[in-house]
1. Is it the case that the range 25-42 has a residue that's of a type outside the set (A, V, I, L, M, F, W, C) and more than 30 Å from residue 3 (Cα to Cα)?
2. Please find, within the range 53-73, the residue that is farthest from residue 43 (Cα to Cα) out of those that are modelled with pLDDT of 85 or more and of a type in the set (A, V, I, L, M).
3. Quickly run through the range 31-47 and pick out the residues that are modelled with pLDDT of 90 or more and in a loop (DSSP other than H, G, I, E, B).
4. Would you say residue 50 is at pLDDT below 85 and surrounded by 10 or more Cβ atoms within 10 Å (Cβ to Cβ)?
5. Among the residues of the range 1-56, how many are among the β-branched types (Val, Ile, Thr) and within 16 Å of the chain's Cα centre (by Cα)?
6. Among 18, 58, 79, which is exposed (fewer than 10 other Cβ atoms within 10 Å of the Cβ) and not in a loop (DSSP other than H, G, I, E, B)?
Amino acid sequence: MIPLHPQFLLKEGKPQFAILPYEEYLQLAEALARAAENMRVDPRFGGFWDNLPAEELARRQGVQPVADAAALYGGGDPADWEGFDEALEEWRG
């Protein structure tokens, strides 16, 4: 945490501007630059502020619509699912 010692300029009795000592300003600017480096945006996804439509995200990521939902199931043995429906009914109460 950077200790700050601002002085405030008032307008009509309300704080309008904050003035920092130059050394504190430099520390704050450096901390903000480091934080910005850690928030690089992956161009495939955009930033949350970009509000991209699903079609644009799909284009950037190079994905196509799924033609067959079974393709999403992955591998596995049908025995892995034995008892699932009964357990689901029990959990739903």
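1. Initial filter on the range 25-42 (of a type outside the set (A, V, I, L, M, F, W, C)): 25, 27, 30, 34, 37-38, 40, 42.
Then keep just the ones that are more than 30 Å from residue 3 (Cα to Cα); that gives 42.
Scanning the range 25-42 turns up at least one residue that is of a type outside the set (A, V, I, L, M, F, W, C) and more than 30 Å from residue 3 (Cα to Cα).
2. From the range 53-73, those modelled with pLDDT of 85 or more are 53-69; that's our starting set.
The next check asks that each one be of a type in the set (A, V, I, L, M); those that pass are 54, 57-58, 63, 66-67, 69.
Numbers: 54: 14, 57: 10, 58: 12, 63: 15, 66: 23, 67: 26, 69: 28 Å.
Step by step, filter the range 53-73, then rank; the result is 69.
3. Residues satisfying the conditions do not exist here.
4. Values: at pLDDT below 85: yes; surrounded by 10 or more Cβ atoms within 10 Å (Cβ to Cβ): yes.
For residue 50, the condition - at pLDDT below 85 and surrounded by 10 or more Cβ atoms within 10 Å (Cβ to Cβ) - is met.
5. Looking only at that region, the number is 1.
6. Numbers: 18 fails: exposed (fewer than 10 other Cβ atoms within 10 Å of the Cβ); 58 fails: exposed (fewer than 10 other Cβ atoms within 10 Å of the Cβ).
Exactly one of 18, 58, 79 is exposed (fewer than 10 other Cβ atoms within 10 Å of the Cβ) and not in a loop (DSSP other than H, G, I, E, B), namely 79.
The values are calculated or read from the model by the stated rules, or taken from the named source; none is laboratory data. Keep in mind it's a predicted model, so treat the numbers as computed, not measured. When we count neighbours, we look across all protein chains shown, and the Cβ atoms used for this are built from the backbone with ideal geometry, even at glycine.
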